[in-house]
Structures are given as structure tokens and as C-alpha cells.
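Okay, structure first, notes after.
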Amino acid sequence: MAQAREFLIKHCSTPSIVALDDLIANVDRNLGNLLHSPGSLTLIDHGRSLTGPAWRRPDLVAGNAFMNVVRDLLGPAAETLPFRGAVMAEYTTIVSKVSPAMPELKQLLDHLLDPLDSRAAHDFLHGRSAPGSIARRIGVVA
């Protein structure tokens, strides 16, 4: 485990992984979900996003912090201001790409879920993508 921690601390993609898992509230990222190839990490298995495999509407509170396995694995390294700053920068980049697709996501959710669940999932992701929201969840601001 220590070797994996050191690898992730040094890997340039780690802040992006932490940021994405925070956005989608993926509570089950594990080392088996990170495929390593030279210079990159590929993420697989997002089945426990939106707080878990059997999420319920009341669980989808956009401002809540949820378990972030990679961040937790990093231990004290994840608490440093440089790392938190890198996570916030990656989060901003991810959100800038996701936000324009939110209307299309809503249409897809409408096909997959009942109307109340669709609205809840969309509102959850929309709320989590609000500017500055990650700063509160990772403890940069109160």
C-alpha cells in the first residue's frame, strides 16, 4: 500500500482523479479501477457514483463531502495546500468541460430514471459543479 501511495503522490493525474471523484461522488475508487500505462492513468468503473450503488434522492446533497478513496489513501499529502490547489485547478477544468453538457445529461437521465430521480441526480451534479464548491468540501475555505 505504501508503494501505491507514493506512486499516486507523485503522479501528475492524481489531482484530476481526486477532483473527478469529488464531482461525481464516486465513493468506491480503488487501485483496481486505475489502469496504468506509461505516462497516464485510465479510470474505469464508476458504478458507485452519486454516493453509492443504491443512492436515494435524500442522499444527493450537493454540498456534502463524500468518501474519496484516492484522497484518503494519500493521507497527509492530500492535506497540503499545494495538493488542494492542484485539485481545485483540475476541478475547474473538469467543470468547464462538463457544464456545457448538463442539458444533454438531463435528457439522458430522463430516459434512464424516473422524473424525480432524474431531477435529483441532475441537481446534485449541477450543484457540485458550482464555482468554489469544491473549496468547501476539501477544507480550503469554511
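The values are calculated or read from the model by the stated rules, or taken from the named source; none is laboratory data. Small disclaimer: the values here were computed from a predicted structure and weren't measured. No Cβ is skipped: glycine too gets one built from the backbone with ideal geometry, and neighbour counts run over all protein chains shown.
Of these, A101, A121, which one is among the small types (G, A, S), within 17 Å of L23 (Cα to Cα) and exposed (fewer than 15 other Cβ atoms within 10 Å of the Cβ)?
Only one candidate passes the filter, namely A101.
When only residues in the range 25-48 that are within 18 Å of Y91 (Cβ to Cβ) and surrounded by fewer than 21 Cβ atoms within 10 Å (Cβ to Cβ) count, which is farthest from the chain's Cα centre (by Cα)?
L41
Cβ-Cβ below 7 Å, separation at least six or inter-chain, first residue in the range 64-85 and over 13 Å from L8 (Cβ atoms), second in a helix (DSSP H, G or I) and at pLDDT below 95: which pairs?
A65/R137
In the set G85, G52, which member is within 20 Å of I17 (Cβ to Cβ) and modelled with pLDDT of 95 or more?
Result: G85 is the single residue among G85, G52 that is within 20 Å of I17 (Cβ to Cβ) and modelled with pLDDT of 95 or more.
For the range 57-104: of the residues being closer than 16 Å to R136 by Cα and among the charged types (D, E, K, R), which is farthest from the chain's Cα centre (by Cα)?
Among residues in the range 57-104 that are closer than 16 Å to R136 by Cα and among the charged types (D, E, K, R), the one farthest from the chain's Cα centre (by Cα) is E79.
If a residue has to be closer than 19 Å to P53 by Cα and in contact (Cβ under 8 Å) with a residue 60 or more places away in the chain to count, how many in the range 99-138 make the cut?
7
Is it true that some residue in the range 33-44 is within 13 Å of R71 (Cα to Cα) and in contact with a Leu (Cβ under 6 Å, 6 or more places away or on another chain)?
The answer is no; no qualifying residue exists.
Condition first: at pLDDT below 95, over 30 Å from R57 (Cβ atoms) and not aliphatic (A, V, I, L, M). Now tell me which residues in the range 15-32 satisfy that.
Of everything in the range 15-32, nothing turns out to be at pLDDT below 95, over 30 Å from R57 (Cβ atoms) and not aliphatic (A, V, I, L, M).
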